1. Given the conditions (1) of a type in the set (A, V, I, L, M); (2) within 14 Å of the chain's Cα centre (by Cα); (3) assigned to a loop (DSSP other than H, G, I, E, B), which single one is not true for Ala87?
2. Going through segment 172-188 one residue at a time, which ones are touching a strand residue (DSSP E or B) at 6+ places or on another chain (Cβ under 7 Å) and either among the basic types (Lys, Arg) or closer than 12 Å to Tyr108 by Cα (or both)?
3. May I ask you to verify whether Ala32 is at pLDDT 95 or above, under 28 Å from Arg186 (Cβ atoms) and of a type in the set (Gly, Ala, Ser)?
4. Specify which of the listed residues (Ser82, Ser93, Ser122, Ser78) is under 20 Å from His180 (Cβ atoms) and hydroxyl-bearing (Ser, Thr, Tyr).
5. If you scan segment 11-53, which residues turn out to be over 25 Å from Ala64 (Cα atoms), in contact (Cβ under 8 Å) with a residue 24 or more places away in the chain and within 19 Å of the chain's Cα centre (by Cα)?
6. Quick one: in segment 90-107, which of the residues that are at pLDDT 95 or above and assigned to a loop (DSSP other than H, G, I, E, B) is surrounded by the most Cβ atoms within 10 Å (Cβ to Cβ)?
7. Please verify whether segment 120-129 includes one or more residues that are over 26 Å from Ala34 (Cα atoms), in a loop (DSSP other than H, G, I, E, B) and modelled with pLDDT of 95 or more.
8. Only residues in segment 153-166 that are in contact (Cβ under 8 Å) with a residue 60 or more places away in the chain count as the first member; pair them with residues that are in a loop (DSSP other than H, G, I, E, B) and surrounded by 10 or more Cβ atoms within 10 Å (Cβ to Cβ), Cβ under 7 angstrom, at least 6 apart or cross-chain, and list the lot.
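The values are calculated or read from the model by the stated rules, or taken from the named source; none is laboratory data. On a predicted model such as this, the values are computed, not experimentally measured, just so you know. For neighbour counting, all protein chains shown are included, and Cβ atoms are generated from backbone atoms with ideal geometry for every residue, glycine included.
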Amino acid sequence: MDRFALFPTPLFVYDVPNVDVINRELGELLRAEAQGSPGVHRANVGGWHSAPDLAHRQEPCYRAVMKVIVDHVGATYSKIVSATGLATSPPWSFAAQAWAMVMRNGDYTIAHDHGDAHWSTSYYVDAGDADLERSPDSGALAVLDPRRGGRPIPGLETGSTFTVRPRTGMLVVFPGWLQHYVHPYRGTRPRIAIACNVMMSPIGELVPVSGQLQTRIRSLQRSVSEHG
C-alpha cells in the first residue's frame with residue numbers, strides 16, 4: 001500500500017529564548033511611535049500599523065529581531081527540505097519587509113494573505129494582558145483552510161480554521177499564500193506584534209517584494225545548509 005500526505009501546509013511555532021531585553025526596547029519604541037504617527041491602513045480594523053520599513057531600521061533591537069526572524073525562516077525551510085527528502089538546494093539569501101501592529105481593546109484584522117511573499121511571519125513583542133478565561137480567542141491568529149469548499153468526509157472533519165494563541169516572544173512562520181486574520185483583542189495593555197514577509201533567492205540575485213526591490217539584508221544572508 002502506498003499512502004501520500006498531499007499538499008501539506010507547513011506552520012511552525014517557535015518560542016524564541018533570551019529576548020526580554022529586545023522585546024522591552026521594541027515595545028518602548030513602537031508604543032512611542034504609535035502615539036506620534038497616524039500609521040497606515042491595510043487589513044487592520046483599528047489598531048496602529050507602522051510603515052513597512054522595520055527591516056531597514058538601524059537600531060540594534062530592530063536588527064536583532066530581523067536576524068531572529070530570518071534565521072528561523074531559514075531553519076524552517078531546511079527542516080521541510082530534510083523531512084521531505086528533496087534534493088539539496090542551492091544557498092539562499094533572504095529579503096524581508098516588516099512592519100509592526102499595535103492593537104488595543106477591540107482592534108482586529110480581516111482575512112488576508114501575503115501571496116507575493118514566500119514566507120510570512122508573526123513575532124509577538126508583547127502578547128498583551130487579555131483575560132483568556134473570559135476571551136479565549138483575544139488577539140489570536142487564525143489561519144484558514146486553503147482547500148476549496150466541498151463536502152467533508154464524516155468523522156474526518158477538522159474545521160476550517162486553526163488558531164494560534166500568542167505568547168510574548170513567540171514566532172509563527174507560515175507560507176505567504178496562507179490566508180489568516182486576527183481575532184478582536186480584549187485587553188488593557190497594548191498587544192504588539194511584528195509581521196514580516198520574506199522572499200528567497202539564490203545568493204547574489206535581487207528579489208522583488210510587494211512590487212519594489214527591497215535592499216538586500218546582507219548581514220542576514222544565510223545558506224539553508226547552515227541550518228541543517
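1. (2)
2. First pass over segment 172-188, keeping only residues touching a strand residue (DSSP E or B) at 6+ places or on another chain (Cβ under 7 Å): 172-176, 178-185.
Once the filter is applied, which keeps residues that are touching a strand residue (DSSP E or B) at 6+ places or on another chain (Cβ under 7 Å) and either among the basic types (Lys, Arg) or closer than 12 Å to Tyr108 by Cα (or both), segment 172-188 yields His180, Tyr181, Val182, His183, Pro184, Tyr185.
3. Numbers: at pLDDT 95 or above: yes; under 28 Å from Arg186 (Cβ atoms): yes; of a type in the set (Gly, Ala, Ser): yes.
Considered against the rule, which asks whether it is at pLDDT 95 or above, under 28 Å from Arg186 (Cβ atoms) and of a type in the set (Gly, Ala, Ser), Ala32 comes out as yes.
4. Numbers: Ser82 fails: under 20 Å from His180 (Cβ atoms); Ser93 fails: under 20 Å from His180 (Cβ atoms); Ser78 fails: under 20 Å from His180 (Cβ atoms).
Among Ser82, Ser93, Ser122, Ser78, only Ser122 is under 20 Å from His180 (Cβ atoms) and hydroxyl-bearing (Ser, Thr, Tyr).
5. Residues of segment 11-53 over 25 Å from Ala64 (Cα atoms): 38, 41-46.
In the following step, the residues that additionally are in contact (Cβ under 8 Å) with a residue 24 or more places away in the chain were identified as 42-46.
Listed by number, the residues that qualify are Arg42, Ala43, Asn44, Val45.
6. Within segment 90-107, the match that is surrounded by the most Cβ atoms within 10 Å (Cβ to Cβ) is Asp107.
7. Taking segment 120-129 as the starting set, the residues that turn out to be over 26 Å from Ala34 (Cα atoms) are none.
No, because not a single residue in segment 120-129 is over 26 Å from Ala34 (Cα atoms), in a loop (DSSP other than H, G, I, E, B) and modelled with pLDDT of 95 or more.
8. Val164/Ala140
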